[in-house]
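S.K.: The structure's right below; bear with me while I get my questions together.
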Amino acid sequence: MSGFEGSYLGANDRISAAAVMECKICWEVYDPEVGDPYWQIPAGTPFADLPDHWSCPNCEGKKKDFMVV
């Protein structure tokens, strides 16, 4: 990897189940304790367990566009 790669280029095994993630495009926060009401993701869902088609509810950024807070 070169430079800062946000969510480890999708390497889910490197992201803690409790990690709070932030979109690097619009700064929307994904908190696993809250889930994502827009996409009907229940509270307690780790970022790594989000479906592959999930995107930022604010700007439609992809999972790879999120950084560990």
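S.K.: So how far apart, in nm, are the two label points at Ala17 and Met67 if each is 7 Å from Cα heading toward Cβ?
M.R.: With each label point 7 Å from Cα toward Cβ, the separation is 2.7 nm.
S.K.: For Trp54, what accessible area in Å² do you get when you roll a 1.4 Å probe over the heavy atoms of the protein chains, rounding to the nearest 10?
M.R.: 10 Å²
The values are calculated or read from the model by the stated rules, or taken from the named source; none is laboratory data. All of these numbers come straight from a predicted model, not from anything done at the bench. Here the Cβ is made from the backbone with ideal geometry for all residues, glycine too, and neighbour counts use every protein chain on show. Keep in mind that these areas ignore ligands, DNA and RNA; they rest on the heavy atoms of the full protein, side chains included. Shrake-Rupley method; radii C 1.70, N 1.55, O 1.52, S 1.80 Å.
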